[in-house]
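Below you'll find the structure, written out as structure tokens, and then a few comments.
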Amino acid sequence: MSEANLALLPRPIILDTNIVLDVLIFNDTAAEPVRVGLRDGSLHWIATTPMRDELARVLDYPQIAKRVQFYQLTTEAVLEQFDAMAQIVPVATKA
């Protein structure tokens, strides 16, 4: 595949939980390039089931739950966004 063709492919990206919170809940301006890339398809979000489980656990932390409510979201809505935007892949084997 040529370099020009590779440039057209979505770039794979892995997000840690803090960035996921910035993208899906807090609308952090620093995370805007990630939001745009996910929306326009230039980024391809790769995640694992344990990553999703961690997000679900973090969303239940009292300080985060308050922020979710403040932004008029629900845990379910945030997890639905995660499911719609991220491709779940198997956990990599240990090297």
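The values are calculated or read from the model by the stated rules, or taken from the named source; none is laboratory data. These numbers were taken from a predicted model, which means no experiment stands behind them. Cβ coordinates were reconstructed from backbone atoms using ideal geometry, including for glycine residues, and neighbour counts include every protein chain displayed. The accessibility values were calculated without ligands, DNA or RNA, using every heavy atom of the protein model including side chains. Shrake-Rupley method; radii C 1.70, N 1.55, O 1.52, S 1.80 Å.
For the chain, a crude dipole built from +1 on the beta carbon of Lys and Arg and -1 on the beta carbon of Asp and Glu, taken about the Cα centre, is about 100 debye to the nearest 20.
If you take percent of Cα pairs over 15 Å apart from the coordinates, which of (i) 63; (ii) 73; (iii) 57 do you get? This structure yields the entry labelled (i). Summing charges over neighbours of Ala31, with a neighbour being any other residue whose Cβ is under 14 Å away from its Cβ, gives -2 when K and R count +1 and D and E count -1. With a Förster radius of 22 Å applied to the C-beta separation of Val36 and Ala56, the computed FRET efficiency comes to 0.30. Across the accessible surface of segment 31-95, with the other protein chains kept in place and a 1.4 Å probe, carbon and sulfur atoms take up 57 percent.
The value of relative contact order for the chain, using C-alpha pairs under 8 Å at least six residues apart, is 33 percent. Amide H contacts of Val89 (H built 1.01 Å from N, in plane; Pro and chain starts excluded): Ala47, Thr48, Thr49 sit under 5 Å, all sequence-distant by 5 or more or on other chains. Highest mean first, the peptides 77-90, 10-23 sorted by other C-beta atoms within 10 Å per residue fall in the order 10-23, 77-90.
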